[in-house]
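Asks: Dumping the structure here so I can ask a few things about it.
The values are calculated or read from the model by the stated rules, or taken from the named source; none is laboratory data. Everything quoted here is computed from the prediction, not taken from an experiment. Here Cβ is always computed from backbone atoms with ideal geometry, including for glycine, and neighbour counts include all displayed protein chains.
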């Protein structure tokens, strides 16, 4: 789970490989399979860091390959 959150953080602070982010998300979903707990963790993580796991995964799924960067 920590690896997934660090990949999301990396997507906001620099760039992260789309496939690595989605692979980390897949492992995260094994630990947190339900939508409600996932949303709760996303909300808590976003409040603490300002980074949204939802937006990171949405951006990764929108691309076919390459690097994801959500930094402003």
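Asks: Sort out which residues of the range 15-31 are surrounded by fewer than 16 Cβ atoms within 10 Å (Cβ to Cβ) and within 11 Å of residue 1 (Cα to Cα), and write them in order of number.
Replies: 26, 27, 29, 30, 31
Asks: Output the number of the condition that residue 25 fails; it satisfies all remaining conditions of (1) modelled with pLDDT under 95; (2) closer than 18 Å to residue 65 by Cβ.
Replies: In the conditions (1) modelled with pLDDT under 95; (2) closer than 18 Å to residue 65 by Cβ, residue 25 misses (1) alone.
Asks: Please go through the range 1-22 and pick out each residue that is without any contact (Cβ under 8 Å) to a residue 24 or more places away in the chain and over 12 Å from residue 68 (Cβ atoms).
Replies: Hits for the range 1-22 are 2, 6.
Asks: Oh, and also: Would you tally the residues in the range 42-65 being over 20 Å from residue 20 (Cα atoms), free of Cβ contacts under 8 Å to residues at least 40 places away in the same chain and either surrounded by 13 or more Cβ atoms within 10 Å (Cβ to Cβ) or in contact with a strand residue (DSSP E or B) (Cβ under 8 Å, 6 or more places away or on another chain) (or both)?
Replies: 2
Asks: Right, here's the next one. Just give me the residues in the range 32-47 being within 12 Å of residue 5 (Cα to Cα) and out of contact with any helix residue (DSSP H, G or I) (no Cβ under 8 Å at 6 or more places or on another chain), in sequence order.
Replies: 44, the sole residue that qualifies.
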